[in-house]
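Trainee: After the structure tokens below, expect a handful of questions from me.
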Amino acid sequence: MKDGVNGVALAVFIFFFLAVTVMGFLAARWRRADDEHSLDEWGLGGRSFGTWITWFLLGGDLYTAYTFVAVPAAIYAAGAAGFFAVPYTILVYPLIFTFLPRLWSVSHKHGYVTTSDFVRGRFGSKGLSLAVAVTGILATMPYIALQLVGIQAVLDVMGVGGGENTNWFMKDLPLLIAFGVLAAYTYSSGLRAPALIAFVKDTLIYIVIAVAIIYIPIKLGGFDEIFKAAGDKYTAAGAGGIVPAEAGQWTYATLALGSALALFMYPHSITATLSSRSRNVIRRNTTILPLYSLMLGLLALLGFMAIAAGVKVTNGQLAIPQLFETMFPDWFAGVAFAAIGIGALVPAAIMSIAAANLFTRNIYKDFIKPDATPQQETKVSKLVSLLVKVGALVFVLTMDKTVAINFQLLGGIWILQTFPALVGGLFTRWFHRWALLVGWAVGMLYGTLAAYGVASPTQKHFGGSAKEIPGIGEIGYIGLTAFVLNVVVTVVLTFAFRAFKAPEGIDETSPEDYTADAGDPGVEAELPPATAGASH
Amino acid sequence: MSDVPEVKPPAVTPVRVVIALCLFAPFVAMLWVGSYAKTDPAFIGIPFFYWYQMLWVLISTALTMIAYKLWQRDQRARATTKGGVEA
């Protein structure tokens, strides 16, 4: 690490940061609609985004700064096992192709802003909807905190994160400024701010990756050398490898599948989805979003390059920023850091909006003030989005980073437990609402306990997300095991509750709601088999 | 929407089977880790394990795109035959 502050890189970083700040505030005027005080406007950008904006927004949302830092960091530390992020993102798109358009349609028809709104409407159960909302908020909070960790990593490498000797205030000041600005424009512009900034973020990221993937291998003597150096390192360390060992393959596959199932359960993914203009925007996006997966794959390879470039860091999170600083001229390192930094702001904004929407719609309106007007809803959402960010900030500044990472790991396991209620509910009303609730609770409990029991060389608990699958004996992703357990419990109990004729709750949706496409007269009712049978 | 009970085209048609296969193929390919957990053949120095999965990003994109096009066509066909008895 170079000593002191990297002036040129910092100047470039600040330039881009200021540029997006201005954009963030101006975004409030972008495509403004008449009714600017409704939650649809602030929290979903007026549900008006077309294919390209949605693409940038979703890309900016799903591929976060933390992803950019953590995926190569995992490769840097463990080799092939960290590459599961690529099959994971490959599987996401065929998966959402099947259910996301249905969610869009039913949400559009009934004015749902969150997934919990849908669950409440479909199953007539405030309890189940509350469970989904709380899970969503719990899973999102640490995710926001990790975006801060991403910014911190960049600031550290630029030399403004402060060393051990600076006092805490000076050390954290840049982070406080960055988040103050973020909070201010999210408050004033809502979802439009991250949508606009996402353009800058993704453009920068694509430029940086394209340059990195060509320039760095040339400087390091080609991929042969890079993988040779990496292989030697793993062999010497006695951990990791260039390809996953036989024993690691179950883990690899279950992590990929479980994460793919979980991704669109996260509130921020749904917020970005519901902001799109039509059903087709979503389907079209499933065909162009994989471009980001390609980028992610290339990015992951940077982890090997960090090894070959001789980057030595104890904190793996710093490997990639450090690689950039070592390999790139200062000004371009600045561009790369700006890409990561802005890459943290976009998802943090969307996540805080998503969490705020959940709170407002499914806790505030359902349980505290049922007669809230749209203006009040928007006001509460705006305030909560601030609170959520402050909470995340406090979390990062007061607690050890590993706590945020542990919680994020747990968050992934938890959010997957809402899958049966949400995706199940999109296709069938067969599941009983109480069964879904018990299934969810069992999944949450098992997942949390199992994760607690995983030790790693550095941690006694929450040492990883994989554990022996009971009954199979292979090591698999805890989230997926918990999910299977969840589904089994739900199915068994549904039979039981139905046998005892437990009250089913009122379903306010009808089959054709799931295929409706607003403002598109050419699209007629499409009745996939699952719905056709579900309502009878 | 279709509030009048029409004679519906069958729910499972060859086109829909193809769509399902397009969407399902990536799952088989990616979850069968044993089929690609090896270093050779390498491509410009990148072990098989890595370039193969990146190649699948492109393959699955193409497959999803095909599924999308077929689905659109399927929907249009259904929209025009709505009210007819064609099955």
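The values are calculated or read from the model by the stated rules, or taken from the named source; none is laboratory data. None of these values were measured; they are calculated from a predicted model. Cβ coordinates were reconstructed from backbone atoms using ideal geometry, including for glycine residues, and neighbour counts include every protein chain displayed.
Trainee: Check A:PHE462 against each of (1) touching a helix residue (DSSP H, G or I) at 6+ places or on another chain (Cβ under 7 Å); (2) at pLDDT below 85; (3) more than 23 Å from A:ALA247 (Cβ to Cβ) and name the one condition it does not meet.
Mentor: The one condition A:PHE462 does not meet is (3).
Trainee: Counting just the residues of the range A:472-486 that are over 21 Å from the mean Cα position of the chain (by Cα) and assigned to a strand (DSSP E or B), which one comes out surrounded by the most Cβ atoms within 10 Å (Cβ to Cβ)?
Mentor: Taking the candidates together, the pick is A:GLY476.
Trainee: Evaluate the following for A:ALA178: is it modelled with pLDDT of 80 or more, within 20 Å of A:GLY7 (Cα to Cα) and not aromatic (Phe, Trp, Tyr)?
Mentor: Yes; evaluated as a whole, the condition is true for this residue.
Trainee: Specify the residue that is farthest from B:ALA20 (Cα to Cα); the eligible residues are those in the range A:43-87 that are of a type in the set (Phe, Trp, Tyr) and surrounded by 24 or more Cβ atoms within 10 Å (Cβ to Cβ).
Mentor: Among residues in the range A:43-87 that are of a type in the set (Phe, Trp, Tyr) and surrounded by 24 or more Cβ atoms within 10 Å (Cβ to Cβ), the one farthest from B:ALA20 (Cα to Cα) is A:TYR76.
Trainee: Give the residues of the range B:56-76 that are without any contact (Cβ under 8 Å) to a residue 40 or more places away in the chain, over 30 Å from A:PHE227 (Cα atoms) and more than 7 Å from every other protein chain (Cβ to nearest Cβ), sorted by residue number.
Mentor: Result: B:LYS69, B:GLN72, B:ARG76.
Trainee: Consider A:GLN376 carefully, then state whether it is of a type in the set (S, T, N, Q), more than 14 Å from chain B (Cβ to nearest Cβ) and either surrounded by fewer than 21 Cβ atoms within 10 Å (Cβ to Cβ) or out of contact with any helix residue (DSSP H, G or I) (no Cβ under 7 Å at 6 or more places or on another chain) (or both).
Mentor: Here the answer is yes, as A:GLN376 does meet what is asked.
Trainee: Separate question: Would you mind finding the one in A:THR531, A:THR494 that is surrounded by 18 or more Cβ atoms within 10 Å (Cβ to Cβ), assigned to a helix (DSSP H, G or I), polar (S, T, N, Q) and at pLDDT below 70?
Mentor: A:THR531
Trainee: Moving on. So which residues in the range A:320-371 are polar (S, T, N, Q) and more than 30 Å from A:ALA131 (Cα to Cα), if there are any at all?
Mentor: If the condition is that a residue be polar (S, T, N, Q) and more than 30 Å from A:ALA131 (Cα to Cα), then A:GLN322, A:THR326 are the ones that fit.
Trainee: When the residues of the range A:143-172 are filtered to those that are farther than 26 Å from A:LEU323 by Cβ and of a type outside the set (S, T, N, Q), which remaining residue is modelled with the lowest pLDDT?
Mentor: Residue satisfying both the conditions and the ranking: A:TRP168.
Trainee: As an exercise: evaluate A:ALA348 against (1) at pLDDT below 85; (2) crowded, with 18+ Cβ neighbours inside 10 Å and give the number of the one condition it does not meet.
Mentor: Going through (1) at pLDDT below 85; (2) crowded, with 18+ Cβ neighbours inside 10 Å one by one, A:ALA348 breaks only (1).
Trainee: Still on this structure, please answer the following. If the requirement is being closer than 23 Å to A:ALA404 by Cβ, surrounded by 24 or more Cβ atoms within 10 Å (Cβ to Cβ) and among the aliphatic types (A, V, I, L, M), which of these qualifies: A:LEU176, A:LEU182?
Mentor: A:LEU182
Trainee: If A:LYS365 satisfies every condition in (1) at pLDDT below 85; (2) more than 19 Å from the chain's Cα centre (by Cα); (3) buried (at least 16 other Cβ atoms within 10 Å of the Cβ); (4) not hydrophobic (A, V, I, L, M, F, W, C) but one, which is the exception?
Mentor: (1)
Trainee: Here's a follow-up. Output the qualifying pairs, or none if there are none: Cβ atoms under 7 angstrom, residues six or more apart or on different chains, first residue in the range B:27-55 and on the phi > 0 side of the Ramachandran plot, second residue in a helix (DSSP H, G or I) and modelled with pLDDT under 90.
Mentor: B:ILE44/A:PHE223; B:GLY45/A:GLY222; B:GLY45/A:PHE223; B:GLY45/A:ASP224; B:GLY45/A:PHE227
Trainee: Something else now. Name the residues in the range A:238-259 that are of a type in the set (A, V, I, L, M), under 29 Å from A:GLY411 (Cβ atoms) and either over 21 Å from the mean Cα position of the chain (by Cα) or more than 9 Å from chain B (Cβ to nearest Cβ) (or both), would you?
Mentor: The answer is A:ALA239, A:ALA245, A:ALA247, A:LEU255.
Trainee: Filter the range A:37-64 down to the residues that are part of a helix (DSSP H, G or I) and of a type in the set (Ser, Thr, Tyr) and list them by number.
Mentor: A:THR51, A:THR54
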